[in-house]
1. Is there a quick way to get the dipole size of the chain? I mean about its Cα centre, with the Cβ of Lys and Arg at +1 and of Asp and Glu at -1; what is the value in debye to the nearest 20?
2. Can you give me the angle between helix 13-32 and the longest principal axis of the chain, using Cα atoms only, in degrees from 0 to 90, rounded to the nearest 10?
3. Over region 4-157, average the accessible area per residue using a 1.4 Å probe and give it in Å², no decimals.
4. If you take the Cα atoms of the chain, find Rg, then find the Kirkwood Rh from the mean of 1/r over all pairs, what is Rg/Rh?
5. Give me the angle, in degrees from 0 to 90, between the Cα long axis of helix 137-153 and the longest principal axis of the Cα atoms of the chain, rounded to the nearest 10.
6. Within the chain, which is the longest segment that contains none of the GluC sites (Glu not before Pro) sitting in a DSSP loop with at most 10 other Cβ atoms within 10 Å?
7. Please tell me the relative contact order of region 1-144 in percent, rounded to the nearest whole number, where contacts are Cα pairs under 8 Å and at least six residues apart.
8. Calculate the tail of P(r) for region 1-74: the fraction of all Cα-Cα distances greater than 19 Å, expressed in %.
Amino acid sequence: MITKQKGTYDIYGDLAKKRAYVDEILATLCEKYNYGYIETPVFEASELFHRGVGETTDMVQKETYDFKDRGDRDITLRPEGTAGVVRWFVENKLYGNMTDPIKVFYNMKMYRYERPQSGRNREFTQWGFECFGSDDVMSDAEVISLAYNAYRLLGLDDVTIKLNSLGDTESRNNYREALINYFRPHIDELCEDCKERLEKNPLRILDCKVDAESEIIKNAPKTLDYLNEESKNRFEKLKDMLDLMEINYEVDTKLVRGLDYYNHVVFEVVLNDSYALGGGGRYNGLVETLGGPSVPGVGFAMGYDRTILAMEENGVNIPINDSIDVYILYVSESEKETACYLTQDLRLNGFIAETDSMARSLKAQFKSVDRFNAKYLIVLNDSELESNKVTIKDNKTKQEESVNINDLLDYLDMHM
């Protein structure tokens, strides 16, 4: 028997319905914020992620699915959404004559080779959004607002925004030097990965999973102490806007995020003060890194698996439609023909309709009515059909009525 690959899963049944519910909530919210949908290819040139995400990140070094195609090209399965969206933005020269920010959201499969665990798989769906063209703090606040309100609309009320600033290029370089000078005397006490990170990207040491509880890392210099005046003022303005929008946030000076392209604000959405659901930040140099002009950007992404798991664990009622509107029953061949066209007519007019397609007895069909939890059932009868009528029964009240077929849609519209 061929089985699914480790770290992947099939989506069907109640899980599919739960995801459809989340899809609808998030898509509707994005539309209110005037974000349009985008979908990028599932595989891209490996260079995109090496340049965009960063050579020193764990994602690129350890987690990407890389392969050679038949044209000997280096290809990578999409591990995150931002780099591909930026590639789309640059390739289509959308930076030309920009008068308003370009705002898009996505809902796509991602692939990372890591140890599968609860809420984290090798194949996973990531929802996110990106905003290009505005360097104003208001864009940062809007993105944070969208992320924050998404979780609240999904029923996760106890969420907090963990907030930090890496500052501009000058501030980040100053902080980088401070980290190198601080960690260098302790290099032998760090894990092997962190020893390599010291000179390449010391900020990644702060994000280390192995040494996370080490006193060395806990006592490391704080980003906010190395911000220049402009970066400090920007961060203060952002906090003022979040206060005005009544968004619950906390400053977390240890937060740096795991990707190289961030500058200025970085943030995570945390549930119950402990469970990270998603994160994002500003990436003003990424468009330029990937071959475009200097265009500012800011974005956010969350994983579906972890979000739905959090909803279930926190008792959020996820509506699942486990019923159909109408089930049509029949016995004879002529009744079967009527069931065939009548079922289609109901479906094309917006009703969830079902009928038997397995040549079963009437008794077996009645069992299907219960399994499908049908609101109404119609038992076709040749003698009634001669008068162009059918009997429709409310499966809850058990009330029956004889209805002209031509009036059936109006009857259902009135009673649903």
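The values are calculated or read from the model by the stated rules, or taken from the named source; none is laboratory data. Given the structure is predicted, the values throughout are model-derived calculations rather than measurements. Counting neighbours? That spans all protein chains shown, and the Cβs are built from the backbone with ideal geometry, glycine included. With ligands, DNA and RNA removed, areas are computed over all heavy atoms of the protein, side chains included. Shrake-Rupley method; radii C 1.70, N 1.55, O 1.52, S 1.80 Å.
1. Working: 51 positive and 74 negative charges, 169 e Å.
Once rounded to the nearest 20, the dipole reads 820 debye.
2. Approximately 60 degrees, to the nearest 10.
3. Working: 7590 Å² over 154 residues.
Per-residue value: 49 Å².
4. On the way: Rg = 27.7 Å, Rh = 24.9 Å.
Taking Rh as the inverse mean 1/r over Cα pairs, Rg/Rh reads 1.11.
5. 40 degrees
6. Details: sites that count: Glu213, Glu246, Glu386.
No qualifying site falls inside 1-212, the longest such stretch.
7. Working: 174 pairs, mean separation 36.6, N = 144.
Over region 1-144, the number comes to 25 percent.
8. Values: 1731 of 2701 pairs.
Of all Cα-Cα pairs in region 1-74, 64 percent lie more than 19 Å apart.
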